[in-house]
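> Here's a structure for you.
The values are calculated or read from the model by the stated rules, or taken from the named source; none is laboratory data. What you are looking at is a predicted structure, and each value in this text was computed from that prediction instead of being measured. Heads up, the Cβs are rebuilt from the backbone with ideal geometry, glycines too, and the neighbour counts pull from every protein chain shown. All accessible areas refer to the heavy atoms of the entire protein, side chains included, with ligands and DNA or RNA removed. Shrake-Rupley method; radii C 1.70, N 1.55, O 1.52, S 1.80 Å.
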Amino acid sequence: MKPNIWKYRISPNDLLTLIFGTVVFVFFGYYYPYHLNYQEQFQLFLYTPAYFFDFMSRPGGLADYLGNFFTQFYFYSKIGAVILALLLSVLQRLVWSASLKLGAAAHWMPFTFIPSILYWNLLCDENYLLGGLKAMFLLALFINIYLLFKPGKWQIIGGILLLIALYWFAGGVFIFFALFVIGTKIFEKNRNEKQALIAVISTAAITLALPYFAKALVLQYPMEKLWVGTTFFRYPVNIPVSTGVIGLLIFALPFLLLLLSQLVSWKRTFFIFLSQVVIFSLFGFSFIRNSADFSKEEVMEYDFHIRMRKWDRAIALADKKAPNSPLSVTCLNLALAKQDLLGERMFSYYQNGMGGLIPDFTRDFTIPTIAGEVYYHLGLVNTAQRFAFEAMEALPNYQKSVRSVKRLAETNIINGNYEVAKKYLYLLQKTFYYRAWATQALEIIKDEKKVEQHVEWGWLREARIKGDFLFSEQEKENMLGLLFSSNQNNRMALEYLLASNLLKKDLQHFITFFPLTQSLNYKVIPKHFQEALLYIWEATNNDPTKQISYPISNTVRARFVSFKKSYAQTGNASLIQKDFGDTYWYYLNFRTPKK
């Protein structure tokens, strides 16, 4: 007898879920991965009982805790993509399972993808947190658990217990569970009117009472927060209405599909199924495409490479597609400087003035984090420390940033404040991904010589300014000059100083400071510095018999002659950019520097 191979075939509904999960994984794993890395750095998940019970002491705490737990794995974006694919797929299956339990027909299954598609859309915004998705997941799970009870007194008791538990675990979504319980009593066949009335009244009364009861236990929370519970959005003062719509759909869709199954008797079920697939696929594609912000994804990608010290990847990214946002340019310039290519290649890419070299401080958590990377690698260790602290304190949801904590540990090690550094390192030892790094750092600081011999910390200890000084963001050039004067081997500080002169078109200060490069022992003067020197010489030298005293390559000389000719003949920026867009001369004549 031949085995029945069709026994193991996958159903269309299962195949649809599998395809959906795969598409979610591909999107977040390959097209939107750096949004996940971005999320991971702005929380500090600790494997301690105190951390857990702090979340569990308030409504919605379990959803937030689970959200933070899974967010820590966003450190590796592919793992994060798997997590999101599973969560969104299982959410769809839970909505479908509830629909089946109520009696919905199988061909209406594509409707149950709507909540998952909508939450996928929300997650394209980096300020929507995973705790909100976990709350929706718990709502759908509790609905399915409730439907396991047979109608009767035990279902009423079970519903009340589940309602209370869901409120404490997931916060405000308990309202939709209460509505679902009431809905089941309305649609229930052969219901016991007395039991149904008891269930409706008790569910409504407990729903209204729970936040006020919680207020008596958690006095410091405002009433509005006790109704919402879970932190759906990074800015807790904003209550996203869209998450409420998704919760409403999770409650309402099973009843809607039950009604459709009863009212629509057309037998061409495959056509109905296929039509839904096509409509929701087009709807989902359009929705996600309009929600995804790939300009932010670019900045986050640059920032991640800088954070991981993958300088070559940041440069390769710029070679593939030139950056056009200030923060992307900041990251690129830092990567070029770390590879000793700033003076050689910076004007091969778009430059937007000083804002793309060292951004001004802003009271938020993103710009100080990126600007702090620049100050750290320059050797302005105390400024980097201040920026890391300010960025962490600016987080609107009152989380701690694991990236900032790590930076604070590093800056205190460099400054020799080991007892302070240990406080941060002990915290990092209670994390998953940073435990090994913190343990190694604790071993290093036991021996002063190991710190001094450390490739990064030892160098920054030498490069930093030893004495007291007042940092002024309005005088960045003076700060860079002071930094270089404290250690004349700090090539990056001097090149940033010269680059700032070029970006501001301050050629007078550039030519004044350029002789300081003698301490750097250039074998060949970087190309853009040659271009500036030649331009200054041509503009200021009145004696054609004299030769410029700096070694300018024949290539640079020849290109300058061609540039002057093209500029005199056309003066058209677009035409000149085609041949000379990678030169300082083009920036000098056609770009308007910004602060």
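> Could you give the angle, 0 to 90 degrees to the nearest 10, between helix 418-428's Cα long axis and the longest principal axis of the Cα atoms of the chain?
40 degrees
> Also, quick follow-up: For the range 1-155, just say rounded, prolate or oblate: build the C-alpha gyration tensor, square-root its eigenvalues into a ≥ b ≥ c, call rounded for a/c under 1.5, and beyond that prolate if a/b exceeds b/c, oblate if not.
oblate
> Sorting check: for 496-503, 144-151, which peptide has the highest mean count of neighbouring beta carbons within 10 Å, and how do the rest follow?
So the order, starting with the most tightly packed, is 496-503, 144-151.
> Rounded to the nearest angstrom and ordered from largest down, what semi-axes does the equivalent ellipsoid of the range 248-303 get from its C-alpha gyration tensor (root of 5λ)?
37, 15, 6
> Less than 19 Å apart at the alpha-carbon level, and either on another chain or at least 8 residues along: which lysines does that give for Lys523?
The qualifying lysines are Lys338.
> Using 0.36 nm per residue, how much length does the chain from Trp537 to Ala568 gain when fully extended, once their Cα-Cα distance is taken away?
Here the answer is 9.3 nm.
> How high is the FRET efficiency from Arg309 to Ala209, r the C-beta distance, R0 35 Å, rounded to 0.05?
0.05
> Let a ≥ b ≥ c be the square roots of the eigenvalues of the Cα gyration tensor of the range 12-82; is it rounded (a/c under 1.5), or, if not, prolate (a/b larger than b/c) or oblate?
It comes out oblate by the Cα gyration axes.
> Collect residues whose amide H, placed 1.01 Å from N in the peptide plane, falls under 5 Å from the amide H of Gly229; neighbours closer than 5 in sequence don't count.
Those qualifying (amide H under 5 Å, at least 5 residues apart or on another chain) are Gly172.
> Could you order the peptides 378-385, 398-405, 202-209 from most to least packed, using the average number of other C-beta atoms within 10 Å per residue?
378-385, 398-405, 202-209
> Which value in deg cm²/dmol, rounded to the nearest 500, describes the helix-derived mean residue ellipticity at 222 nm for the chain, given -39,500 (n - 2.57) per DSSP H run of n ≥ 4 and division by the residue count?
-21000 deg cm²/dmol
> In nanometres, what is the gap between the two model label sites at Tyr51 and Ser472, each 7 Å from Cα along Cα-to-Cβ?
Label-label distance for Tyr51 and Ser472, simple model: 4.3 nm.
> So, in nm, how far is label Phe283 from label Asp506 when the simple model puts each one 7 Å beyond its Cα toward the Cβ?
The answer from the label model is 5.8 nm.
> Determine the share of the range 358-516's accessible area contributed by carbon and sulfur atoms, expressed in whole percent, with a 1.4 angstrom probe.
Of the solvent-accessible surface of the range 358-516, carbon and sulfur hold 51 percent.
> Would you mind working out the accessible area per residue for the range 137-294, using a 1.4 Å probe, and quoting it in Å²?
I get 55 Å² per residue for this part.
> Something else about it: What lysines does Lys400 reach when the alpha-carbon gap must be under 23 Å and sequence neighbours fewer than 8 apart in one chain are set aside?
Lys134, Lys225, Lys296, Lys422, Lys423, Lys430
> Tell me the per residue accessible area of the range 465-514 using a 1.4 Å probe; a whole number in Å² is fine.
That works out to 46 Å² per residue.
> Give me a comma-separated list of calculated 3J(HN,Hα) values for the range 569-576, in order, Karplus coefficients 6.51, -1.76, 1.60 applied at θ = phi - 60°, integers in Hz, x for any Gly or Pro.
Taking θ as phi minus 60°, the curve returns 7, 10, x, 8, 4, 5, 5, 5 Hz for the range 569-576.
> If you don't mind, there's one more thing I want to ask. Among Leu282, Leu256, Val329, flag the residue with its Cα farthest along the positive direction of the charge dipole of the range 255-339, charges on Cβ as +1 for Lys/Arg and -1 for Asp/Glu.
Selected residue: Leu256.
> If you don't mind, there's one more thing I want to ask. Classify the range 89-202: rounded, prolate or oblate, from the alpha-carbon gyration tensor (a ≥ b ≥ c, eigenvalue square roots; a/c under 1.5 rounded; otherwise prolate if a/b is larger than b/c)?
oblate
> Okay, next question. Report in % the part of the accessible area of the range 68-198 that belongs to carbon and sulfur, leaving out ligands and nucleic acids; probe 1.4 Å.
About 72 percent, which is the carbon plus sulfur part of the accessible surface.
> I would also like to ask the following. Ranked highest first by average number of other Cβ atoms within 10 Å, how do 282-289, 264-271, 163-170 line up?
The packing order, highest mean first, is 163-170, 282-289, 264-271.
> Next question, about the same structure. Taking θ as phi - 60°, what are the ³J(HN,Hα) couplings along the range 429-444 by the Karplus curve (6.51, -1.76, 1.60), each to the nearest whole Hz, with x for Gly and Pro?
Each residue of the range 429-444 in turn: 5, 9, 9, 8, 7, 9, 4, 5, 4, 5, 5, 5, 5, 5, 5, 5 Hz.
> Then there is this: Only four residue types carry charge here, +1 at the Cβ of Lys and Arg and -1 at the Cβ of Asp and Glu. Report the dipole size of the chain about the Cα centre in Debye, rounded to the nearest 20.
1740 debye
> So, one more: Positive end of the dipole of the chain, charges at C-beta (+1 Lys, Arg; -1 Asp, Glu), about the Cα centre: which of Phe232, Tyr30, Met136 has its Cα farthest in that direction?
After comparing all options, I get Met136.
> For Asn490, enumerate residues with amide H under 5 Å from its amide H, sequence gap 5+ or separate chain, H modeled in the peptide plane.
none
> Could you tell me which residue out of Pro551, Ala573, Ala463 lies farthest along the dipole of the range 462-595 toward its positive end? Charges go on the beta carbon: Lys and Arg +1, Asp and Glu -1, centred on the Cα centre.
Ranked along the dipole, the leading option is Ala573.
> At 0.36 nm per residue, minus the direct Cα-Cα distance, what do Ser202 and Lys449 gain on full extension? Give it in nm, one decimal, please.
Using 0.36 nm per residue and subtracting the Cα-Cα distance, I get 81.9 nm.
> Another question, then. Would you mind calculating the gained length between Leu86 and Glu188 on full extension (0.36 nm times residue separation, minus the Cα-Cα distance), in nm to one decimal?
33.5 nm
> Hey, any idea what % of the range 214-351's accessible area is carbon plus sulfur with a 1.4 Å probe?
Of all accessible area on the range 214-351, carbon and sulfur atoms account for 65 percent.
> For the range 187-199, just list the computed ³J(HN,Hα) in residue order, Karplus coefficients 6.51, -1.76 and 1.60, θ = phi - 60°, integers in Hz, with x standing in for Gly and Pro.
Going residue by residue, I get 8, 5, 7, 6, 6, 7, 4, 5, 5, 4, 5, 4, 5 Hz, with x marking Gly and Pro.
> Could you give the dipole magnitude of the range 464-553 about its Cα centre, charging the beta-carbon of Lys and Arg +1 and that of Asp and Glu -1, in debye to the nearest 20?
Computed about the Cα centre, the dipole is about 300 debye.
> Magnitude of the Cβ-charge dipole of the range 142-262, K/R +1 and D/E -1, about the Cα centre, nearest 20 debye?
Magnitude of the dipole: close to 180 debye.
> Now, a different point. Checking the cross-link filter: which lysines have an alpha carbon closer than 26 Å to that of Lys185, excluding same-chain neighbours under 8 positions apart?
Lys101, Lys150, Lys153, Lys194
> Taking amide H positions as placed 1.01 Å from N in the peptide plane, with prolines and chain starts having none, which residues 5 or more places from Ile552, or on another chain, fall under 5 Å of its amide H?
Here nothing satisfies the definition.
> Average the reciprocal distances over every distinct pair of alpha-carbons in the range 121-178, invert the result, and give the Kirkwood radius in Å.
The answer is 12.2 Å.
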